[in-house]
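Read-outs throughout are calculated quantities, based only on the coordinates presented, and are distinct from any laboratory measurement. Just so you know, these numbers come straight off a predicted model, no measurement behind them. FYI the Cβ positions are ideal-geometry reconstructions off the backbone, even for glycines, and counts take in every protein chain you see.
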Amino acid sequence: MKTYIPKSADITRKWYLIDANGHTLGRLATCIARLLTGKYKPNYVPFMDTGDFVIVVNVDKIKLTGKKWTDKIYYSHSTYIGGLKEMTARELFKKDPRRLILYAVSGMLPKNLLRKKYEKKLKLYVGEKHPHTAQQPEVLAINFASKKLA
């Protein structure tokens with residue numbers, strides 16, 4: 001018996017709309033990463049992009065628990081000597097709240113060539129409005145108490 005490999009025509013991509021209002025960063029990022037990779041689909045294969053598009057609105061209303069606003073530090077380096085920059089989560093959030101979710105989701109994606117494809121399918125918006133109404137996104141209500149996407 002041969003291993004089933006889906007063709008490009010067999011892959012159906014849906015658009016999902018998630019409201020980040022009041023959700024915790026890490027739990028929301030795991031759900032987003034799972035949708036982007038398509039791991040919940042029966043035709044998932046690790047070397048192909050079988051995931052869906054995800055639109056996240058209200059990213060400016062996300063929560064962090066504990067003292068993560070001050071203790072969680074994001075690093076970047078300019079590749080020059082002494083070019084290490086540090087930012088707390090609060091500073092990064094004030095600069096651009098979308099990057100907080102992008103970094104969390106990006107860290108949960110596979111570290112290979114598919115990561116950029118997955119990141120391009122993630123659309124993050126600060127307010128309620130988004131320009132993707134023509135794609136007719138399915139509103140996804142996330143309930144962390146039952147530990148399921150539904």
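Couple of notes before you dig in:
- Burial ranking of peptide ranges 68-81, 45-58, 123-136 (average Cβ count within 10 Å, highest at the top): 45-58, 123-136, 68-81
- Linear extension gain, T3 paired with Y75, 0.36 nm per residue minus alpha-carbon span: 21.7 nm
- Within region 1-115: Cβ-based charge dipole about Cα centre, in debye rounded to nearest 20 (Lys, Arg +1; Asp, Glu -1): 160
- Total formal charge among the other residues, if their Cβ is under 9 angstrom from that of H23, Lys/Arg +1 and Asp/Glu -1: +2
- Quarter of the Cα convex hull surface for region 1-116, i.e. its orientation-mean projected area (nm²): 9.7
- Remark: spin-label model distance E138-K116 equals 3.0 nm, labels positioned 7 Å along the Cα→Cβ axis.
- K94-V45 pseudo-label distance in nm [points 7 Å out on the Cα-to-Cβ vector]: 4.9
- Pairs exceeding 32 Å between alpha-carbon atoms, taken from K68/K121; K63/K116; K39/K85; K7/K95; K7/K61: K39/K85; K7/K95; K7/K61.
- Given R0 = 41 Å, the distance between the Cβ atoms of K85 and H130 translates into a calculated FRET efficiency of 0.85.
- Computed [θ] at 222 nm, helices only, for the chain once each DSSP H run of length n ≥ 4 contributes -39500 (n - 2.57): -8000 deg cm²/dmol
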